[in-house]
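The values are calculated or read from the model by the stated rules, or taken from the named source; none is laboratory data. If you're wondering where the values come from, they're calculated on a predicted model, not measured in any experiment. Cβ atoms come from the backbone with ideal geometry, glycine included; neighbour counts cover every protein chain shown. Ligands, DNA and RNA are stripped out before the accessible areas are found, and what is left, the full protein with its side chains, is counted by its heavy atoms. Shrake-Rupley method; radii C 1.70, N 1.55, O 1.52, S 1.80 Å.
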Amino acid sequence: MKFYCENIDTVLESTKSSAQGLTTAEAEKRLAENGRNKLAEGKKDSLLVRFLKQLADPMIIILLAAAVVSGALEVVAHGLSLDSFTDSIIILVVVIFNAVLGVYQESKAEKAIEALQEMAAATSKVIRDGKLVHVKSEELVVGDIVVLEAGDAVPADGRLIENASLKIEEAALTGESVPVNKFIDIINLKDETKDVPLGDRANMVYMGSTVVYGRGVAVITATGMETEMGKIADALVKAEESKTPLQIKLAQLSKILTWLVLGICVLIFGVKLLGAGGDINANIFIDSFMVAVSLAVAAIPEGLVAVVTVVLSMGVSNMSKKNAIIRKLTAVETLGCAQIICSDKTGTLTQNKMTVVDSFGENAELLASAMSLCSDAELNSDGKVEGEPTEAALVEWAKKLGISKIELKEKMPRCGEAPFDSGRKMMSSVHPVGGEYIQYTKGAPDVVINLCTHYLKDGKPVPMTEEYKAEILAANKGFADRALRVLACGTRTYGAEPTSYEPEALEHDLCFIGLSAMIDPVRPEVKVAIEKCRSAGIRPIMITGDHVDTAVAIAKELGILEGDAKAITGAQLNEMSDEEFAKEFSKISVYARVQPEHKTRIVTAWKSAGYITAMTGDGVNDAPSIKAADIGVGMGITGTDVTKNVADMVLADDNFATIVGAVEEGRRIYDNIRKAIQFLLGSNISEVISIFVATLMGFEILAPVHLLWINLVTDSFPALALGVEKAEPGIMERKPRSAKAGVFSGGLGWDVAYQGLMVSALVLASYFIGAGMGGADHGMTMAFLTMSMAEIFHSFNMRSQRKSIFTLGHNNKALWIAGIGALAATVLVCEVDLLAMAFGFTPVGIVEFGIAAGLGICVIPIVEIVKFFQRLFAKKNG
C-alpha cells in the first residue's frame with residue numbers, strides 16, 4: 001500500500017491500529033510474528049577462510065603440489081632427512097609469506113549494516129494501552145503509534161497522523177540539504193501507476209532521519225528490513241563485489257602462466273624420460289620430475305603477489321598523507337583508470353551548510369537582525385550556531401555582519417510568537433523595545449509580500465506601491481533563477497503588547513523589510529578539481545536528491561553541465577526503460593530528486609558500457625551505489641559510518657579536490673606495478689629459456705633453490721624499489737587507460753620476451769665460460785652470478801618503458817639501495833662457505849666476478865639501443 005496516498009483512517013485500518021495505539025499483548029504478538037525492528041546482519045569470512053582463499057590461486061596450487069611431490073620423491077630416493085625437504089620448505093615458506101601478505105579482505109557489508117544499526121534510535125516514545133511509554137526501538141511493530149519531538153531519531157517508517165510544525169532532516173536518505181516540512185494531508189497521484197520520490201513524501205517519516213523542529217505523531221507502517229533503510233541494507237548485502245582492473249589482469253596473467261608452466265613441465269618431463277630410452281628407473285624419474293619442478297619455480301613469479309601488495313601498501317601510505325584513506329589495497333590503482341566519477345552534490349561538491357549569499361532591501365543590517373530574532377537557531381557561548389540549517393544560516397549571516405543574536409536577545413527578548421506552520425509557510429515573533437513591541441514575520445516570499453501594506457524608504461515606512469512590489473518580485477525571481485532559497489521578512493509595531501498571538505491576529509498590515517537568499521555553496525576548490533579531472537579525461541556526473549533547479553545551477557557553476565549535456569529527475573529516469581536509458585545515459589550529466597536505486601542504476605549503466613566508474617558520496621543513500629561502483633569514495637567528516645564502511649577510499653578532509661591527487665597517485669602506482677611485472681616476468685622468461693635450453697643440451701644450469709633465491713632476493717627488492725619511482729611527466733594529461741587493456745598492452749609483452757631472451761643468452765654464455773674454466777659446478781656458479789647481476793642492472797632499465805634512463809632527470813635512491821643490497825647478498829651467498837656449500841657453488845675469483853659483471857651490465861646498452869629505435873618508430877607512426 002502507498003500509505004502517503006491514503007487518509008489517516010485508511011492507514012490506521014490497514015495497520016489494524018488506532019490513535020490510542022496497540023495493546024501490549026497485541027504488540028508482543030506482532031513482535032513474535034514479524035520479528036524485531038532491526039536490520040539483518042551480514043556474514044563474515046573467518047580469518048582462516050580468507051587465508052585459504054589466498055591459496056586458491058592456480059599458480060600457488062602448482063607450487064604447493066610441486067613442494068609436496070618433490071619432498072616425497074626426495075624421501076624415497078635419499079631417505080628421511082632435513083636435506084630431503086630443503087626445496088619443499090623454501091617453497092612452502094614463500095607461499096605462506098605471500099598468503100599472509102594477501103589476507104586483506106574485509107566484510108564491508110557487515111560493517112555497513114552495523115553502522116546502520118547504530119544510526120537507529122535506541123528507545124522510542126510509544127502510545128500503548130492508551131498511555132505514553134518508552135520502549136526499545138527494536139521492539140516496535142507495525143501499527144505502533146510513535147510520538148516524535150525535536151532531537152528524536154525516527155525509529156521506523158511511518159505515516160504522520162498529527163503534525164505541529166514538524167521538520168525532519170532526511171539528507172542521509174534523500175540527499176536533500178534542507179529539512180523537510182511535514183504535513184498530514186493525502187498526496188494525490190496524477191498517475192496511479194507512478195510513484196512519488198522519497199524526498200517528496202512529506203506525510204511520511206523514515207528510519208534513520210532526525211526530527212529538527214516541531215512535534216508529530218505517526219503510525220508505524222514498516223519495521224526492520226521492510227523500511228527504506230532496510231532496503232538499502234539489503235542492497236548492500238546483494239551488491240556484488242566487482243573485481244578491480246588490476247585483479248582481473250593478475251587473474252588473467254595467473255591463468256596464462258599456469259597453463260604455460262604445466263605445458264613446459266610436461267614437455268620437459270617427457271623429453272627427459274624419452275632421452276633415457278628404455279632405461280627408466282626411480283632416479284631417472286625423480287631427476288626428470290625435479291627438472292620439471294625447477295621449471296615451475298622458474299616460470300612462476302613467486303615474488304609478484306608480494307611485490308604488488310607492498311607497492312600498493314606504499315601507495316596507500318602516500319595517499320593517507322594527502323587525506324585519501326584507502327580501505328582496500330587492490331582499489332588503489334582503480335582510480336588511476338577511472339573514466340567516470342559519479343558524485344553526490346550535498347556535502348561533496350557543496351559545503352552542506354546553508355549560507356546567505358545575497359539580499360534585497362534598504363537595510364541589510366536591519367534585515368539580518370530581524371531574520372535572526374525571528375528564528376529558533378541560537379548562537380552558543382563558543383560562537384557556533386546551532387539549529388535548523390535554514391535558520392542557522394540567518395543567524396550566521398547576522399553574525400558575519402557583526403550582529404550577535406545573544407546581544408539582540410538581551411535588548412529585544414521574545415515575549416510571544418506564532419510558530420512556523422507549513423500551511424501558513426511563515427512564523428512571527430514579538431519583542432519589547434523602548435516601550436513599544438516590534439513584530440518580525442519571516443517566511444515564503446509569495447505569502448509575506450502579499451501581507452505587506454508598507455515598505456521602508458529612507459528608514460521610514462511608506463505605503464506599498466505597485467512599482468516597488470514589482471521590484472520585490474523581480475528580485476525574488478532573480479534569486480529563484482539562480483536556484484537560491486529565498487525568505488521574505490516584514491515588521492509591525494505595537495504601542496502595547498498584542499492581546500493575541502494567534503497568526504490571524506498578528507500577520508497582516510506588515511511593513512516589508514527585505515529578502516534574504518541562500519544556498520548550500522560549492523566548495524571553492526571543487527571547480528579547479530573538476531577542470532583537472534576533465535584534462536585527465538575523466539567525466540564528472542552529479543547525482544543528487546535535491547531539486548533539479550538547484551542541481552543545474554550548481555552543475556553549471558562547477559562546469560559539470562556543459563554543451564549538449566542534459567539534466568533529468570528521478571521521476572523521468574523511472575519512465576525510461578532499460579533500453580531507452582542505455583541510449584540516453586551518456587548524454588546526461590545531472591540527475592536530481594533521485595532515490596538510492598536510481599544511483600545504483602546509473603552507476604551500473606556506465607559500468608555495463610565498459611567504463612571504470614567511481615562514486616563519491618556521504619549519505620546512507622549513497623551506500624549501495626558506492627558498493628556497486630568500481631571504486632567507492634566516502635567522505636570522512638560528513639560521511640555516515642555506513643558510507644565509510646562500504647567505500648574503498650575515504651576522503652579524510654571531505655575535499656573533492658583530494659580525488660585529483662588520488663587519481664594521479666593511482667596512475668603512478670599502476671605504471672610502477674607494470675614496471676615491476678615487466679621486470680619480474682622478464683627474469684622468469686630468462687630462467688625458463690635457460691633451463692629449457694640446458695635440459696635439451698643435457699646439463700643442469702640452475703637448481704630450484706638458486707631460482708628461488710633470484711626470484712625472491714635478487715629480483716624482489718629492486719622490484720619493490722621500482723614501486724616508489726616518481727610519476728613520469730604529463731601523467732595527468734593523458735586519457736585514462738582502457739579497463740580492457742591487458743597486462744602486456746603497449747608493447748610490454750614484446751619487451752618481456754626480448755629482454756628475457758637477452759638475459760638467457762648472457763647467462764648461457766657465462767655458464768659455458770665457467771664450465772670451460774672449472775667444470776659444470778663452476779659453470780652453474782658463473783650462470784647464477786651473471787643472472788643475478790644482469791637482473792640488478794636490468795632493474796635500472798625498468799624505470800621507464802620507453803625513455804632513456806639517462807634523461808629521466810631524477811634518481812631513485814631506493815633502487816640504488818636495493819641494487820647494492822641485492823649485489824651484496826649475491827656475493828655473500830657465493831663467498832660464505834656455509835651458504836656456498838648449501839647452494840652447491842664453487843669458489844670464484846676476481847676474474848670470474850669481472851666476467852659475470854661484464855656480461856650482466858650488457859643489458860643496459862642493449863636495452864637503451866632498442867628503446868632508441870622504439871621511440872623512433874613511435875614518432876614515425878604517432
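Nearest 20 debye, what's the magnitude of the dipole of segment 579-670 about its Cα centre given +1 on Lys and Arg Cβ and -1 on Asp and Glu Cβ?
Details: 10 positive and 13 negative charges, 48 e Å.
Rounded to the nearest 20 debye, it is 220 debye.
When peptides 759-765, 474-480 are sorted by average Cβ neighbour count within 10 Å, with the highest value leading, the order is 759-765, 474-480. Projection of the Cα convex hull of segment 455-561, averaged over all directions and equal to a quarter of that hull's surface, yields 10.6 nm². Taken along the Cα-to-beta-carbon direction at a fixed 7 Å, the label points for A444 and A741 span 5.4 nm. Label separation (E579 vs D358): 4.5 nm, computed from points 7 Å beyond Cα along the C-beta direction.
Grab the beta carbon distance between N7 and R36, set R0 = 25 Å, and tell me the FRET efficiency rounded to 0.05.
Values: r = 30 Å, r/R0 = 1.19.
Computed FRET efficiency for N7 and R36 comes out at 0.25.
Of the trypsin sites (Lys or Arg not before Pro) found in segment 162-212, those that fall in a DSSP loop while having at most 13 other beta-carbon atoms within 10 Å are K190, K194.
From the protein chains alone at 1.4 Å, what is the descending order of accessible area for E176, E504, largest first? Walk me through the intermediate numbers first.
Details: E176 25, E504 135 Å².
Per-residue accessible area, sorted high to low, gives E504, E176.
Each residue of segment 489-499 was assigned a 3J(HN,Hα) from its phi angle through the Karplus expression (A = 6.51, B = -1.76, C = 1.60, θ = phi - 60°), giving 9, x, 9, 8, 10, 10, x, 9, 4, x, 7 Hz with x at Gly and Pro.
Largest accessible area first, the listed residues W397, W750, W709 line up as W750, W709, W397 when surface is computed with a 1.4 Å probe on the assembled protein chains. A straight chain from D185 to K131 at 0.36 nm per residue would run longer than the Cα-Cα distance by 16.9 nm.
Starting with the highest mean, order 769-776, 698-705, 226-233, 459-466 by the number of other Cβ atoms within 10 Å, averaged over the residues of each peptide.
Working: 769-776: 16.4, 698-705: 19.0, 226-233: 23.0, 459-466: 11.4.
Top of the packing list down: 226-233, 698-705, 769-776, 459-466.
Here r is the Cβ-Cβ distance between A164 and L64 and R0 is 60 Å; the resulting FRET efficiency, rounded to 0.05, is 0.30.
How big is the dipole moment of segment 560-610 about its Cα centre under a simple scheme where the beta carbon of each Lys and Arg is +1, that of each Asp and Glu is -1, and everything else is neutral? Debye, nearest 20, please. Write down the numbers at each step before the final one.
Working: 7 positive and 8 negative charges, 40 e Å.
I would put it at about 200 debye.
Derived value for segment 602-760: Kirkwood hydrodynamic radius 18.8 Å. Basis is the mean of 1/r over every pair of different alpha-carbon atoms. Using a probe of 1.4 Å on the protein chains alone, the accessible area found for V356 is around 20 Å². Take the residue pairs K38/K399; K411/K460; K583/K627; K321/K399; K249/K321 and return only those whose Cα atoms are more than 31 Å apart. Pairs exceeding the cut-off: K38/K399; K321/K399. Straightening the chain between S381 and Q870 buys 169.1 nm, computed as 0.36 nm per residue apart minus the Cα-Cα spacing.
The stretch between W750 and I860, if pulled fully straight at 0.36 nm per residue, gains 37.9 nm over its current Cα-Cα span. Accessible surface ranking for R734, R668, 1.4 angstrom probe, highest first: R734, R668.
By average Cβ neighbour count within 10 Å, what is the ranking of 800-807, 688-695, 530-537 from highest down?
Details: 800-807: 13.0, 688-695: 21.5, 530-537: 17.4.
By packing density, highest mean first, the sequence is 688-695, 530-537, 800-807.
For Y468, the solvent-accessible surface with a 1.4 Å probe is about 30 Å², rounded to the nearest 10.
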